[in-house]
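Colleague: This is the structure, below, for whatever I ask next.
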Amino acid sequence: MDPSKDNSSITTHVLNTADGVPASRMALSLHRLNTHMMIWNLLTVGTTDEEGRCAELIGSEAFSLGMYKLRFETGQYWENLGQTCFYPYVELVFTITNLDQHIHLPLLLSRFSYSTYRGR
């Protein structure tokens, strides 16, 4: 699926780089910071598909300026594979300053490391 063709303003793609496969069936959640109370509000939860993608996190109608957090349940993912990992979860915090942009946040993951970048 081409993330630029879906209706979501924030998408992700998780790759298990240790095994060279998509990280399918990984639970994740999207949060937005309430700047008045300084707490994270849960917006939605999701699971990556067989290709390691989660394309329907938030639609443009719910998209607003502010700080967001995308949390990946990496410990549960590795446990489901019968393995252990160093990071029980990964949180990516980012700021939305333009409502016309599409945000794609890939996560490259192994049991003892991860990396991310702003994708297209």
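The values are calculated or read from the model by the stated rules, or taken from the named source; none is laboratory data. Remember, predicted model here, so these are calculated numbers, not experimental data. All Cβ positions, even for glycine, are placed from backbone atoms using ideal geometry, and neighbour counts span all protein chains on display. Side chains included, ligands, DNA and RNA excluded: accessible areas come from the protein's heavy atoms. Shrake-Rupley method; radii C 1.70, N 1.55, O 1.52, S 1.80 Å.
Colleague: Could you give the dipole magnitude of the chain about its Cα centre, charging the beta-carbon of Lys and Arg +1 and that of Asp and Glu -1, in debye to the nearest 20?
Modeller: Working: 9 positive and 12 negative charges, 68 e Å.
The dipole magnitude comes to about 320 debye.
Colleague: Given a 10 angstrom Cα cut-off, can you work out which residue in GLY46, GLY20, GLY66 is the most mobile in a GNM of the chain?
Modeller: GLY20
Colleague: Quick one: Karplus J couplings for the stretch 55-66, per residue in order, coefficients 6.51, -1.76, 1.60, θ = phi - 60°, nearest Hz, x for Gly and Pro?
Modeller: Listing the rounded values in order: 9, 10, 7, 8, x, 4, 5, 9, 7, 9, 5, x Hz.
Colleague: Simple spin-label model, 7 Å along Cα-to-Cβ: THR47 to ARG111 in nm?
Modeller: Reported label-point gap for THR47 and ARG111 is 2.4 nm.
Colleague: Give, in nm to one decimal, the length gained when the segment between ASN34 and GLU56 is fully stretched (0.36 nm per residue of separation minus the Cα-Cα distance). Before the final figure, lay out each step's value.
Modeller: Working: separation 22, 0.36 × 22 = 7.92 nm, distance 2.19 nm.
Using 0.36 nm per residue and subtracting the Cα-Cα distance, I get 5.7 nm.
Colleague: Set Lys and Arg Cβ to +1 and Asp and Glu Cβ to -1, take the dipole of the chain about its Cα centre, and tell me which of TYR89, SER60, THR12 lies farthest positive.
Modeller: Result: TYR89, furthest along the dipole toward the positive end.
Colleague: Running a GNM on the chain with Cα contacts under 10 Å, which residue among MET26, MET67, MET38 ends up with the highest mean-square fluctuation?
Modeller: The residue that fluctuates most here is MET38.
Colleague: With a probe of 1.4 Å, find how much accessible area the stretch 67-120 has per residue, and write the answer as a whole number in Å².
Modeller: 59
Colleague: Then there's this: Can you list residues whose amide H is under 5 Å from LEU57's amide H, if they're 5+ apart or on another chain and H is modeled 1.01 Å from N?
Modeller: Residues meeting the criterion, in which the H sits 1.01 Å from N, are ILE10.
Colleague: Next question. Would you kindly state the longest site-free stretch of the chain, with sites defined as GluC sites (Glu not before Pro) in a DSSP loop (not H, G, I, E, B) surrounded by at most 15 other Cβ atoms within 10 Å? Let's see the in-between values first.
Modeller: Values: sites that count: GLU50, GLU51, GLU61.
Longest run free of exposed loop sites: 62-120.
Colleague: Helix-only estimate, please: 222 nm mean residue ellipticity of the chain, summing -39500 (n - 2.57) across DSSP H runs of length 4 or more and dividing by its residues, to the nearest 500. Please report the intermediate quantities before stating the final value.
Modeller: Details: 1 runs with 7 residues, N = 120.
Value at 222 nm, helices only, nearest 500: -1500 deg cm²/dmol.
Colleague: Continuing with the same structure: Within the accessible area of the chain, what % is carbon and sulfur when the probe is 1.4 Å and the other protein chains stay in place? Before the final figure, lay out the partial values.
Modeller: Values: 3520 of 6850 Å².
Answer for the chain: carbon and sulfur cover 51 percent of the accessible area.
Colleague: Let me ask something additional. When the chain is modelled as a GNM with alpha-carbon springs shorter than 10 Å, which of SER64, SER29, SER110 fluctuates the most?
Modeller: Greatest mean-square fluctuation among the candidates belongs to SER64.
Colleague: If you don't mind, another one. Run the numbers on the stretch 63-120 and let me know its relative contact order in percent, using alpha-carbon pairs under 8 Å that are six or more apart. Write down the numbers at each step before the final one.
Modeller: Details: 83 pairs, mean separation 19.3, N = 58.
Reported as a whole number, the value is 33 percent.
Colleague: Let me ask something else about it. Among (1) 16.3, 51; (2) 26.5, 94; (3) 14.1, 43, which is the computed Rg and Dmax of the Cα atoms in Å?
Modeller: Calculated Rg and Dmax of the Cα atoms in Å: the matching label is (3).
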